1. Do we find a residue being within 21 Å of the chain's Cα centre (by Cα), closer than 29 Å to Val403 by Cβ and surrounded by 21 or more Cβ atoms within 10 Å (Cβ to Cβ) anywhere in region 312-330?
2. Criterion first (in a loop (DSSP other than H, G, I, E, B), in contact (Cβ under 8 Å) with a residue 12 or more places away in the chain, of a type in the set (Lys, Arg) and closer than 29 Å to Ala143 by Cβ) does Arg289 satisfy it?
3. Is region 378-389 home to any residue that is touching a residue at least 40 places away in the same chain (Cβ under 8 Å) and among the basic types (Lys, Arg)?
4. Which condition breaks for Ala342 when tested against (1) surrounded by fewer than 20 Cβ atoms within 10 Å (Cβ to Cβ); (2) touching a residue at least 60 places away in the same chain (Cβ under 8 Å)?
5. May I ask you to verify whether Ala128 is crowded, with 23+ Cβ neighbours inside 10 Å and either at pLDDT below 95 or within 14 Å of the chain's Cα centre (by Cα) (or both)?
6. Read through the list (1) of a type in the set (S, T, N, Q); (2) assigned to a helix (DSSP H, G or I); (3) at pLDDT 95 or above, then give the number of the only condition that Ser164 fails.
7. Could you list all residues from region 63-88 that are surrounded by 21 or more Cβ atoms within 10 Å (Cβ to Cβ), out of contact with any Lys or Arg (no Cβ under 6 Å at 6 or more places or on another chain) and in a helix (DSSP H, G or I)?
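The values are calculated or read from the model by the stated rules, or taken from the named source; none is laboratory data. Remember, it's a predicted structure, so these values are computed and weren't measured experimentally. Note that each Cβ is placed from the backbone with ideal geometry, even for glycine, and that neighbours are counted across all protein chains shown.
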Amino acid sequence: MNLAAFLTESARRHATQTALHFDGRSETYAALESRAARGATRLRELGVATGDRVAVRLPNGPDFVAVWLGALRLGAIVVPLNPLLAQLEVDERLRISEARFFVDTWDVLDEVVPADVTPVARDDSDPAVILFTSGTSGRAKGAVLTHGSIRAAADAAAAALALSPGDVVLGAAPFSHVLGQTTGLVATLSAGAAVAIVGRFEADATLRLMNETRTTILLGVPTMCIALCEAARSAAELPPVRIAHVGGAPVPLEVAQDFERTFGGEVYEGYGLTEMSGIATTYLPGQARKPGSVGMPLATTEMRVVGVDGVVLSAGEPGEVQFRGPSVIPGYWEDDEATTAALSVDGWLSTGDIGYVDGDGYLFLVDRKKDVIIRGGYNVYPREIEEVLYKHPSVLEAAVVGVPHPTLGEEVAALVVRRPGCEADADALRAYAREHVAAYKYPRHVLLVESLPKGPTGKILKREIDVESLLERGE
């Protein structure tokens, strides 16, 4: 069944209920179904057909929903792009996906009369969405999410959060991101709940929206929890939040406790991956929570931890976390090498993340993907930034690492060795990086050094770099 059919069914069951809150307005399920039909009609007029890749670079909002669902109805494959991406990053993703259509503005729907665009028949195994992830290689890879994998992940998330028509889910996670797409949109709207759309997260304004819409579910990252707690200290009222599902970075115990004291709801620390089409592990309502754990696998998902030899490890032994189940992607778009590296012949997904499972089956993550910096819930891949810096004529060597940050979790820092005779300063190199990557990726700290530590083969040894000491000395 075509994934897009979920909205048609929800509109049949909840026609007059609110589906979206946005810009001080609300839209019913019936109206959203009409909007999606107009989106499909317009895309068909433009020539979109089954199998075409349709790139969408729009902020969170009803227009994104209309294009996303409209393209799926036609059997097309959606390629969501974060609006924060730099143009070079956009161009790379358009090239890899071979997108035939690129939508970055959408202001004509009111002029379109919806036609009867019945969702084109699709199998569970057919591609629905291509979401890009760089992984530890720094090379953009298009994860292929199918109609079936997204539906499986959305159903599991809806069950884990016990979503019902009375819920309002804060849509602050980007719809171009797997959490915002699968849980924020599909799971929420499949359950007949409403999405309170946040165009840009700003704590005071977001808290006002949560109060106005009586938000019950927060999907976000630890930094959002911190900011909302600060905003709540001077607020006259607070929304009836019952669950905050938080991921993207470890949630400090004090942050979770402060949020629960402030809002009264429970904080569920979860773990999700693009390659899992959404949430992989979290808690269920009423389930005992363990500080530091990201919970258990959802629904029929299998989980194991293996050693370097591939042997399954016992409880408490750290190793690579792997998953198998209906929400696992079949591979990466036109990238057999990456697919073979990530997926075993019997369907196990290698996450590259290190963790262990305790005796009760709870997952504890020990380390995220090697070298990956998690800044405010966004993954920043050092090699990607290093590649940009190496293109600057003054840069001889570069190493990008993460340094602790009190609210973002980690901040991006770059250590640079300049070529002899070149005088580009730190500000110039920072500005150069900022021009070529998304705003959340560029290094706020650029440190000019005489040399970088290396091993016998000449490989830069990042583990021997003490960035915090350099920053304290002002170097």
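1. yes
2. Working: in a loop (DSSP other than H, G, I, E, B): yes; in contact (Cβ under 8 Å) with a residue 12 or more places away in the chain: yes; of a type in the set (Lys, Arg): yes; closer than 29 Å to Ala143 by Cβ: no.
The answer is no for Arg289.
3. Of region 378-389, the ones touching a residue at least 40 places away in the same chain (Cβ under 8 Å) are 378-389.
Adding the requirement that they be among the basic types (Lys, Arg) leaves 383.
Yes.
4. So Ala342 meets the others, but not (1).
5. Working: crowded, with 23+ Cβ neighbours inside 10 Å: yes; either at pLDDT below 95 or within 14 Å of the chain's Cα centre (by Cα) (or both): no.
Spelling it out, it is not the case that Ala128 is crowded, with 23+ Cβ neighbours inside 10 Å and either at pLDDT below 95 or within 14 Å of the chain's Cα centre (by Cα) (or both).
6. Ser164 satisfies every listed condition except (2).
7. Matches in region 63-88: Phe64, Val65, Val67, Trp68, Leu69, Gly70, Ala71, Leu72, Arg73.
A quick yes/no check of all residues on (1) under 27 Å from Ala99 (Cβ atoms); (2) at pLDDT below 95:
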| residue | (1), (2) |
| --- | --- |
| Ile150 | yes, no |
| Leu170 | no, no |
| Leu179 | yes, yes |
| Thr182 | yes, no |
| Val186 | yes, no |
